[in-house]
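Data first, discussion second: the structure below is written as structure tokens.
The values are calculated or read from the model by the stated rules, or taken from the named source; none is laboratory data. The model shown is predicted, which means the values in this text are computed figures rather than measured ones. Here the Cβ is made from the backbone with ideal geometry for all residues, glycine too, and neighbour counts use every protein chain on show.
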Amino acid sequence: MKYLVFSLLAISLFISSCNNADTMVGMATIEATIEGQAFKAEVGNVILLEGTLNMGGVGQYEAHLQFNEIEEGTFALPSTQGLIDVLFLTMEDGTVIGVGDGTYTVDNLSNSRASGSFQGTFYAIDDFMLANPVEVTNGQFDASF
């Protein structure tokens, strides 16, 4: 009986914490040019938490951008120290590409909004030999959370 009460309490705490987290999640628009083709994604799951900005998610949305220790400025991708920054885009044919080398810029950052740009050389996530580079230019993100 003691375990049943504890389990019910744990489940109710989990559900209530999920509901509180949902109120902090926002939306973002992510646009870019992939090999000359326009790309645009409207993504959810946007949150700024403990210095990490997350937008979207692989498999759930057409894009996933995650910047750690975010601040205004221009930064190299991939990051060479600390946590890894993430940029994944799902192309029209369903191919998921991730950044191999590039930069991102955070132009504006507040407690409720972030916007900036990105560009770089991406590769399909199953291109283990990095044989087929995909150029991504004019990348923009505008997130509210």
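Report, by residue number, each residue of region 30-73 that is among the acidic types (Asp, Glu) and under 16 Å from ILE125 (Cα atoms).
GLU62
Run down LEU109, LEU77 and say which single residue is surrounded by 15 or more Cβ atoms within 10 Å (Cβ to Cβ), within 21 Å of ASN45 (Cβ to Cβ) and more than 15 Å from the chain's Cα centre (by Cα).
Every option except LEU109 fails the conditions.
Restricting attention to region 46-75, report how many residues are under 14 Å from SER112 (Cα atoms), assigned to a strand (DSSP E or B) and touching a strand residue (DSSP E or B) at 6+ places or on another chain (Cβ under 6 Å).
The total comes to 5.
Let me confirm something: among ASP101, ASP142, ASP127, which residue is of a type in the set (D, E, K, R) and in a loop (DSSP other than H, G, I, E, B)?
ASP127
If you scan region 73-93, which residues turn out to be of a type outside the set (A, V, I, L, M) and more than 16 Å from GLY56 (Cα to Cα)?
GLY73, THR74, PHE75, PRO78, SER79, THR80, GLN81, GLY82, GLU92, ASP93
Just a yes or no: is a residue in region 123-139 β-branched (Val, Ile, Thr), closer than 18 Å to GLU31 by Cα and without any contact (Cβ under 8 Å) to a residue 24 or more places away in the chain?
Scanning region 123-139 turns up no residue that is β-branched (Val, Ile, Thr), closer than 18 Å to GLU31 by Cα and without any contact (Cβ under 8 Å) to a residue 24 or more places away in the chain.
Name, by its number, the condition in (1) within 23 Å of GLY36 (Cα to Cα); (2) charged (D, E, K, R); (3) part of a strand (DSSP E or B) that does not hold for ASP107.
Checking ASP107 against (1) within 23 Å of GLY36 (Cα to Cα); (2) charged (D, E, K, R); (3) part of a strand (DSSP E or B), the one that fails is (1).
Quick one: in region 56-72, which of the residues that are under 8 Å from the mean Cα position of the chain (by Cα) and in contact (Cβ under 8 Å) with a residue 24 or more places away in the chain is farthest from ILE97 (Cα to Cα)?
So, considering only residues that are under 8 Å from the mean Cα position of the chain (by Cα) and in contact (Cβ under 8 Å) with a residue 24 or more places away in the chain, the one farthest from ILE97 (Cα to Cα) is PHE67.
For GLY44, state whether it is surrounded by 14 or more Cβ atoms within 10 Å (Cβ to Cβ), at pLDDT 95 or above and small (Gly, Ala, Ser).
Answer is yes for this residue.
Give me the residue from region 49-83 that is over 17 Å from ASN108 (Cα atoms) and of a type in the set (Val, Ile, Thr) and, out of that set, modelled with the lowest pLDDT.
THR80
Residues being touching a residue at least 12 places away in the same chain (Cβ under 8 Å) and loosely packed, with under 15 Cβ neighbours inside 10 Å: count how many of those fall in region 80-93.
Qualifying residue count, region 80-93: 4.
In region 95-118, how many residues are touching a residue at least 60 places away in the same chain (Cβ under 8 Å) and not small (Gly, Ala, Ser)?
Result for region 95-118: 3.
Working only within region 112-145, note down all residues that are of a type in the set (A, V, I, L, M, F, W, C) and surrounded by fewer than 15 Cβ atoms within 10 Å (Cβ to Cβ).
Of everything in region 112-145, those that are of a type in the set (A, V, I, L, M, F, W, C) and surrounded by fewer than 15 Cβ atoms within 10 Å (Cβ to Cβ) turn out to be ILE125, PHE128, MET129, LEU130, ALA131.
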